[in-house]
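Structure, as structure tokens:
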Amino acid sequence: MIHDFVLRLRENPRELVVLGDGMQSKPYVYVEDCLDGMEFGFNSASETVNCYNLAVDDQTSVTEIAEWTIEAMASIARRSRSSTQAARADGAAMCPR
């Protein structure tokens, strides 16, 4: 989803089209938390086959992910512009070599 949002914002930075009403949500687990859980299961398993459930208590909506992506893309755009142009005293912009 984030990849699609980034591509859409690159095409049109003024608008992000979100399919549906944006209220769709599901639980997301941080990769590090997932790896920690897998390591815990591996180290503490007492049987040949063991079952564990890695989950979170909350859910994240499509709208929240869209908002975070817009914020991140705006921040990247501001950094990119400021790092590629140096302002001159007379207001003209210079591009470094």
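Since every read-out is calculated from the coordinates, none of them should be taken as a lab result. Keep in mind that what you see is a predicted model, and the values were worked out from it rather than measured. In this analysis, Cβ positions are derived from the backbone assuming ideal geometry, glycine residues included, and neighbour counts consider all displayed protein chains.
Size of the range 2-84: Rg and Dmax of its alpha carbons, in Å, are 18.6, 58. In terms of the mean number of neighbouring beta-carbon atoms within 10 Å, the peptides 31-37, 41-47, 5-11 order highest first as 5-11, 31-37, 41-47. Per-residue Cβ neighbour counts within 10 Å put M73, M38, M23 in the sequence M23, M38, M73, beginning with the fewest.
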